[in-house]
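Visitor: Starting off with a structure, shown below.
Values in this text are rule-based calculations from the coordinates and carry no lab data. Just so we're clear, the structure is a prediction, and the values are computed from it rather than from any experiment. Using ideal geometry, Cβ is built from the backbone for each residue, glycine included, and neighbour counts are taken over all protein chains shown.
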Amino acid sequence: MLRYLATRALSLGLSLVVASVVIFALIEVIPGDPASYMLGLNATDETLAALRTELGLDGSKFDRYLAWVGGMLTGDFGVSYTYRVPVAELVLDRLWVSLPLAIYALTLSTLIAFPVGILAAANRGGVLDVAIMGGTQLGIAVPNFWFAMLLVLLFAVTLQWFSAGGFAGWDDPLLAIKSLTLPAVALALPQASILARVMRSALIETLEQDYIRTARAKGLSRRQAVLRHALKNALIPVLTIIGLQFSFLLAGAIIIENVFFLPGLGRLIFQGITQRDLVVVESVTMLLVFAVILVTFLVDVAYALVDPRLRRR
Amino acid sequence: MRRLPPALLIGAALSAAFLAIAALSLVWTPHSVTGVSISERLQPPSAQYVLGTDQLGRDLASMLMVGAQTSIAVALIAVGIGIALGVPLGLAAAATRGSLLDEIIMRGNDLIFAFPSLVIAILITARYGPSATNAILAIGIFNIPVFARVARGGALPLWTLDYILAARTAGKGRVRISVEHILPNILNLLIVQATIQFSLGILAEAALSYVGLGAQPPVPSWGRMLAEAQTMIYSHPMLAILPGLAIVLMVLGLNLMGDGLRDALDPRLRRRRA
């Protein structure tokens, strides 16, 4: 168990180092000068020089990388060039939108996918199974931002149950949750479709195992066999996918936040991109990648807890 | 002859239809997609404009046809990049199983896998300028580890078989064995994976061009058509519904085809069914 955790932790650290190098290289090393990219064609030499000093561009690239990583490790993400505030502050503000949105969507997707997947597996080959599998095929094929637009069309424009976008803040938690509902549903649908399919096939595989036959032979009903024995063992592949989905949810949230005009991390990145604020783009991207890699690590740890075979190693 | 699975037939028919539409759009569209005529803007469907016109008076049907071409071109080339680089890497890793080379290739793969692909794609296209080429590169990079993994996974069990041993005894080198004996036998796996990555590529291209980081105007793309229609969703919902429908049908077709191919090509599944 300890050895397993140690290798996972080592690979976590290594991934983070490589990720930071790649992001830094993509943004700052090749090609051209970040300062002139940020200021555009009309910048005077003085403003360029001032920005170069501010960004530390005069130092070597290696020094700059170390300063960037060192800063992030101590919570200093640099100062946004357009907002003139520390990026950490901007991120903290936006986190209160993006994180609840991702968790909301993940919860919805899991709540939908588990019963649907179990139902399909329990009725394998039946009408219900075929209908569910057809529905999930459709769910996977739907781009979430388009689904979001359809939701707006139906629930905001036609039925007027929800507002079409915007975020009222957490002063009124109910209102906040309401304004996150359509975005969360839009994010959750494709994820739930994938998860339901994984749940189904994992469950079908475990249902074919000998110990399920034994459980049935000793008198458990089909339902009891599924709930007591099969479900727990089918959870391993399902956990992997939930972990992977967090990555998709974060990326999806970037786009969905733009559909619903939510002031989250995704919008922050896009504002950074359109305003050519590389400090914001660089640090927020690193943060997102960090979150994804961390979740992958946590899923690996969760495996060890769920699967005693891994624990012994 | 065995009966083909219905999913495969439906999927292949849908995919073929979109390919045909895209190919046709290379030589003919009902109207020009670059010709802007404000007097003809937002027309309802008519004999002249089968699906009506958009906010700039362009024929929606023609836009959708050329949009198919953009989507397919981007996704197809991105899959090509994945195969061209990923498959040799996977084969090399399998041929040198357990060696340093194998270790480096597979750990490199894990690293790329750990990255949220869309975030990095956004980063690349944002920093190097939005264009179809950069979208292709951004999507293609993340196809490399997928194909490397599939190729390695398919090749490993083959290396333990007798006929490979015979080939080695006959003096064939690892490269030659990989190309002559391993590759033809993992082709099934690669075709199925290519179909899946193709459909993911269509979705990724749509997402990138929706946020303005894909093909640039005046080249029509489904994603940007959706973005432009979003402000008019109240008054002209069809402009937002049709491009989305095109994406869904194309992706659905490819996914059904991929699933069907996997069932049809996997001898294990075939035996179980029989």
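Visitor: Spelling out what I want: for every residue of region B:25-42, take phi, set θ = phi - 60°, compute 6.51 cos²θ - 1.76 cosθ + 1.60 (Karplus), and round to whole Hz; glycine and proline get x.
Guide: Along region B:25-42, the couplings run 5, 5, 10, 8, 10, x, 9, 6, 9, 9, x, 9, 9, 5, 5, 9, 6, 6 Hz.
Visitor: A further question follows. Within straight cross-link reach of A:LYS232, meaning Cα distance under 24 Å, which lysines are found once same-chain residues fewer than 8 apart are removed?
Guide: A:LYS218
Visitor: Most exposed first by the Cβ proxy, i.e. fewest other Cβ within 10 Å, how do A:VAL284, B:VAL192 rank?
Guide: Least crowded to most crowded, the residues run B:VAL192, A:VAL284.
Visitor: Would you work out the relative contact order for chain B, in percent, from Cα pairs under 8 angstrom that are 6 or more residues apart? Can you show the working numbers first?
Guide: Values: 421 pairs, mean separation 72.3, N = 274.
It comes to 26 percent, rounded to a whole number.
Visitor: Separation of region B:94-127 and region A:232-246 by C-alpha centroid, Å?
Guide: 22
Visitor: Sticking with this structure for a sec: Can you tell me which of B:ARG41, B:ARG58, B:ARG152 moves the most in a GNM of chain B? Springs connect C-alpha atoms under 10 Å apart.
Guide: Highest fluctuation among the options: B:ARG41.
Visitor: Spin-label point model (7 Å from Cα, Cβ direction): what's the B:THR96 to A:ALA168 distance in nm?
Guide: Distance between label points: 6.2 nm.
Visitor: Under 26 Å from the Cα of A:LYS61, which lysines turn up, not counting those fewer than eight places away in the same chain?
Guide: Leaving aside lysines fewer than 8 places away in the same chain, none come within reach of A:LYS61.
Visitor: Which whole-number percent gives the relative contact order of region A:93-311, counting Cα pairs below 8 Å spaced six or more residues apart?
Guide: On the way: 239 pairs, mean separation 59.7, N = 219.
For region A:93-311, the relative contact order is 27 percent.
Visitor: Between A:ARG94, A:ARG228, A:ARG276, which gets the highest mean-square fluctuation from a Gaussian network model of chain A, Cα cutoff 10 Å?
Guide: Maximum among the listed residues: A:ARG228.
Visitor: Evaluate the charge dipole of region A:174-229 about its Cα centre and quote only its size in Debye, nearest 20, assuming +1 on the Cβ of each Lys and Arg and -1 on the Cβ of each Asp and Glu. Spell out each step's value before the answer.
Guide: Details: 9 positive and 3 negative charges, 55 e Å.
Using only the charged Cβ atoms, the result is roughly 260 debye.
Visitor: Scan around B:THR53 for amide H atoms under 5 Å from its own, H built in the peptide plane at 1.01 Å from N, and keep only partners 5 or more places away or cross-chain.
Guide: B:LEU42, B:GLN43, B:LEU60
Visitor: In nm, to one decimal, how far is the B:SER235 label point from the B:ARG41 one, both placed 7 Å along Cα→Cβ?
Guide: If labels sit at B:SER235 and B:ARG41, their model points lie 0.8 nm apart.
Visitor: Sticking with this structure for a sec: Could you work out the percent of alpha carbon pairs in region A:93-311 separated by over 31 Å, rounded to a whole number?
Guide: Numbers: 7381 of 23871 pairs.
For region A:93-311, the share of Cα pairs beyond 31 Å comes to 31 percent.
Visitor: Once label points are set 7 Å from the Cα along Cα→Cβ at both A:ALA25 and B:LEU9, what is their separation, rounded to one decimal in nm?
Guide: With each label placed 7 Å out from Cα toward Cβ, I get 5.1 nm.
Visitor: How large is ³J(HN,Hα), in whole Hz, for each residue of region A:206-213 in order, when computed from phi with the Karplus curve 6.51 cos²θ - 1.76 cosθ + 1.60 and θ = phi - 60°, using x for Gly and Pro?
Guide: Residue by residue, region A:206-213 yields 5, 5, 7, 6, 4, 5, 6, 4 Hz.
Visitor: While we're looking at this one, here's another question. Mind checking which aspartates and glutamates have their C-alpha under 19 Å from B:LYS172, skipping anything on the same chain fewer than 8 residues away?
Guide: B:ASP162, B:GLU180
Visitor: Right, something else. Measure nothing fancy, just the Cα-based angle from helix A:231-259's long axis to the longest principal axis of chain A, in degrees from 0 to 90, nearest 10.
Guide: Its long axis makes an angle of about 40 degrees.
Visitor: Return the whole-Å distance between the Cα centroid of region B:178-236 and the Cα centroid of region A:101-136.
Guide: 26
Visitor: When chain B is modelled as a GNM with alpha-carbon springs shorter than 10 Å, which of B:SER71, B:SER221, B:SER15 fluctuates the most?
Guide: Checking each option, the largest mean-square fluctuation is seen for B:SER15.
Visitor: Another one. How long is the gain from A:VAL306 to A:GLN275 if the chain were fully straight, where each residue apart is worth 0.36 nm and the alpha carbon distance is subtracted? Kindly include the intermediate steps, with their values, before the conclusion.
Guide: Working: separation 31, 0.36 × 31 = 11.16 nm, distance 4.60 nm.
Stretched fully, the A:VAL306-A:GLN275 segment lengthens by 6.6 nm.
Visitor: Moving to a separate point now. Quick one: if the Förster radius is 45 Å, what FRET efficiency do A:VAL157 and B:ALA20 give, using the C-beta to C-beta distance and rounding to 0.05?
Guide: On the way: r = 35 Å, r/R0 = 0.78.
Efficiency for this residue pair is about 0.80.
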